[in-house]
1. Near the amide H of R35, under 5 Å away, which other amide H atoms are found, from residues 5 or more places off or on another chain, if H is placed in the peptide plane?
2. Sort the stretch 3-197 into rounded, prolate or oblate with this rule: let a ≥ b ≥ c be the square roots of the eigenvalues of the Cα gyration tensor; rounded if a/c is under 1.5, and if a/c is not under 1.5, prolate when a/b is larger than b/c, oblate otherwise.
3. Please state the relative contact order of the chain as a whole percent: Cα pairs under 8 Å, 6+ residues apart?
4. For F12 and A196, what is the calculated FRET efficiency with R₀ set at 25 Å and r taken between the beta-carbons, to the nearest 0.05?
5. Taking neighbour counts of Cβ atoms within 10 Å as a proxy for exposure, in what order, fewest first, do E26, E169 appear?
Amino acid sequence: MEPDNYYRQARFLTSAAKFSQCPPDEGYEVAFAGRSNAGKSSAINVICDHRGLAKTSKTPGRTQLLNFFELDEERRLVDLPGYGYAKVSVSIKKDWQGNLATYLEKRRCLKGLILMMDVRHPLKDFDAQMLEWAAHIELPVHVLLTKADKLKKGPATASFHKVKSALKERRGDFTVQLFSSLKRLGVAEAHQRLNAWLHRA
Ligand code: GDP
């Protein structure tokens, strides 16, 4: 099978509301995180060439769950809860931050984190916190600057360089690229990163 077609195999496996409900901690996993509305579901769907695979974080009941997608017997993608959905209480927010932290810290098969940031508003508090956690647990992070089609080439490139140098100043294994689900920009680059983390390289 062509490497680019590999991600089409993604199938919904299961949801976990807490760490104990995650599938067995075996093989290789890459997780996707981002603030609500950053374009996470769209990115997963385009990367897997599968329209309805990941549901938007606005879908009721999906917000607090970790959603697992199986690629093959050894490999999975994980859609982490979108952060910042307005209409939930502080206690629920704390709860799912706790779940997120537990997953990131304890999941041994987790090989990398794809962090979605809107190219027009990168490096918000949540993003900085995720980078901090990732550095702490030595988890590599690949940033997708999403909705790149919303900016002209010049400003998009400027945002890319700004984020790249901000990441360089932090400790941690961080990379970044421009991405657009609408224009399918950056899909091959994202596949390459996933291949490396999932030991398909
Ligand atoms: P999530 O909450 O992070 O899962 O974000 P979604 O994938 O649901 O996207 C949030 C909104 O941004 C939706 O209205 C999408 O149509 C829009 N969106 C997502 N990706 C892109 C993109 O690449 N370009 C543009 N123009 N809009 C996008």
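No lab work stands behind these numbers, since they all come straight from the coordinates. Fair warning: this is a prediction, and the values are worked out from it, not measured in the lab. So basically every Cβ, Gly included, is an ideal-geometry build from the backbone, and we count neighbours across all protein chains shown.
1. Y83
2. Note, shape of the stretch 3-197 comes out rounded.
3. It rounds to 23 percent for the chain.
4. Result of the calculation: an efficiency of 0.55.
5. E169, E26
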